[in-house]
1. Over all alpha-carbon pairs in the range 61-165, figure out the percentage whose distance exceeds 20 Å.
2. Compute the distance in nm between two label points, each set 7 Å from the Cα along the Cα-to-Cβ direction, one at THR153 and one at ARG101.
3. So for the range 51-121, considering every pair of alpha-carbon atoms, how many percent are separated by more than 21 Å?
4. Order GLU208, GLU182, GLU116, most accessible first, counting only protein heavy atoms with a 1.4 angstrom probe.
5. For the range 110-210, report the accessible area per residue in Å² (1.4 Å probe, heavy atoms, rounded to an integer).
6. Can you figure out the FRET efficiency of THR195 with ALA130, using R₀ = 25 Å and their beta-carbon distance, to the nearest 0.05?
7. Between VAL165 and GLU42, what FRET efficiency comes out of the Förster formula 1/(1 + (r/R0)^6) with R0 = 41 Å and r the beta carbon distance, rounded to 0.05?
8. Scattering from the C-alpha atoms of the range 99-210 alone, worked out with Debye: what is log10 I(q)/I(0) at q = 0.15 1/Å?
Amino acid sequence: MSWRVSPFPAARTSSQAGGSWKKPCDTVGDGTTVWDLAQIREDARLGTGCIVGRGAYVGPGVRIGDNVKLQNYALVYEPAVLGDGAFVGPAAVLTNDYFPRSVDPQGRLKRGDDWEAVAVVVGEGASLGARSVCVAPVRVGRWALVAAGAVVTRDVPDFACVAGVPARRIGWVGRAGVRLVEREDVPGGWECPETGALYEEKDGELVERA
């Protein structure tokens, strides 16, 4: 296990215990950095090379892939799943209760066994902007981009760029995160102005062209 300590005070990596998590050697991958005030709960698993920002929260049993960034005060509630290379912006929230209540109809405080947690699933390379909210159950597709402040209430297709409340698709993005440009010479064809990568739109979905 080789987690690296950040050069700033109160940050820690997978080579050091400390902070608020249980069984760190079982939950945090090599090269992952965890900043101060972050909380990683029991049975959560983070891959290699991740960054967990100051004050971020990772719920019990959450699964996080390699090279994932959780920015400051991001809240990832169980049973969320984040694919490799996902980005969760500052103060973004991944919820887990579609019908939240503090008490049951009889006024008794609800406990963990009194409701069923539902997941937000974030695909490989997808990005959630600052203060965006994903209302579970919902899936954000591979390499999709959720704008800052958006509220996601339904599944987001791969490569889609969504914004607003509720979030709606306003365009397509490529792996570089840049808005794609429609090609006039190819029906349904899209191109990344930064990388030149080509994509094809069909039936409301976008796929990479070989």
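1. The answer is 34 percent, as a whole percent.
2. 2.1 nm
3. Working: 752 of 2485 pairs.
When all Cα pairs of the range 51-121 are counted, 30 percent exceed 21 Å.
4. The ranking, largest first, comes out as GLU116, GLU182, GLU208.
5. Per residue, the range 110-210 has 55 Å² of solvent-accessible surface.
6. Once rounded, the FRET efficiency stands at 0.50.
7. Using R0 = 41 Å, I get an efficiency of 0.75.
8. -0.67
The values are calculated or read from the model by the stated rules, or taken from the named source; none is laboratory data. In this text, all values refer to a predicted model and were calculated from it rather than measured experimentally. Ideal geometry is used to build each Cβ from the backbone, glycine not excepted, and the neighbour counts take in all protein chains shown. These accessible areas exclude ligands, DNA and RNA; they are computed on the full protein's heavy atoms, side chains included. Shrake-Rupley method; radii C 1.70, N 1.55, O 1.52, S 1.80 Å.
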